[in-house]
Amino acid sequence: MIKFDYSYIFILNIIMVMTTEERKEYNRLYRLKNQEKIKEYNRLYRIENQEKIKEYQKEYQKEYQKEYNLKNQEKISERQKEYNLKNKEYQKEYQKEYNKTPAGIKSYTIGNWRANGLIDQFNDNYESIYERYLTSTNCEECGCEYGIYGDGGGRWKCMDHDHKTNLFRNVLCHTCNLRRG
Ligand SMILES: [Zn+2]
């Protein structure tokens, strides 16, 4: 025969008739009295369920993020817009500064050569002809010193190339480059 546990009914009765406040107080006292026991129980529970807890936390984090994003759509898109704008300005400023450096000038110059179809006959990605262009102080044809584009002398530095094959030939002053065609 199963012996009925009356203490269970007694506890149930207590719980049933307790108001919310009373229940809170009861729980508080229970926790206070059993602090050490609860602590130990929690500690063991955490050790035994490490993986489960981690999984749960991950899931919770994901749900929370989803809910947060949904609730803050406008704020997030506003922030993204602001970031993009600032970043665009920053990139522009950065590019401007970079274009002034030797590496920037090189990349810009070679970019122009590429766009104009100039072919580097050494096939070394313009390295040697850029070096030649950079260090050339006098026209390889007439020997004049180079001028600056727009100074009226027509002696600025040019990359002379074969117009049929686009192959680079010489670094020349503008006048010699025109004469050669
Ligand atoms: Zn010349």
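To the nearest ten degrees, helix 6-17 and the longest principal axis of the Cα atoms of the chain are 60 degrees apart. Under a Gaussian network description of the chain, with springs only between Cα atoms under 10 Å, the residue in 129, 53, 76 that fluctuates furthest is 53.
For the pair residue 95 and residue 178 in one chain, pulling the backbone fully straight at 0.36 nm per residue adds 26.6 nm over the alpha carbon distance. Karplus-based coupling profile of the range 149-155, in residue order and whole Hz: 4, x, 8, x, x, x, 10, with θ = phi - 60° in 6.51 cos²θ - 1.76 cosθ + 1.60 and x standing for Gly or Pro.
Summed over all non-identical Cα pairs, the Kirkwood treatment of the range 108-180 gives a radius of 12.5 Å. Need the C-alpha centroid separation for the range 43-74 versus the range 139-166, integer Å. Taking the Cα centre of the range 139-166 as reference, the centre of the range 43-74 is 69 Å away. Of the trypsin sites (Lys or Arg not before Pro) in the range 103-181, the ones in a loop by DSSP (not H, G, I, E or B) with at most 16 other beta carbons within 10 Å are 164. Length gained on full extension, residue 20 to residue 142, computed as 0.36 nm times the residue gap minus the Cα-Cα distance: 33.6 nm. Quick check on the range 39-122: take the gyration tensor over C-alpha atoms, sort the square-rooted eigenvalues as a ≥ b ≥ c, and tell me if it's rounded (a/c under 1.5), prolate or oblate. In terms of gyration-tensor shape, prolate. Applying a DSSP loop filter and a limit of 15 other Cβ atoms within 10 Å to the chymotrypsin sites (Phe, Trp or Tyr not before Pro) in the range 92-135 leaves 122. With contacts taken as Cα pairs under 8 Å and at least 6 residues apart, the chain reaches a relative contact order of 11 percent. Each eigenvalue of the Cα gyration tensor of the chain, multiplied by 5 and square-rooted, gives one semi-axis; in descending order these are 86, 19, 15 Å. Computed per residue of the chain from DSSP H runs no shorter than four, each worth -39500 (n - 2.57), the mean residue ellipticity at 222 nm is -21500 deg cm²/dmol.
Length available on full extension from residue 62 to residue 116: 0.36 nm per residue minus the Cα-Cα distance, which gives 14.2 nm.
Every number here is computed from the coordinates shown, using simple stated rules; none is lab data. Being a predicted model, the structure only gives us computed values, none of them experimental. Note that each Cβ is placed from the backbone with ideal geometry, even for glycine, and that neighbours are counted across all protein chains shown.
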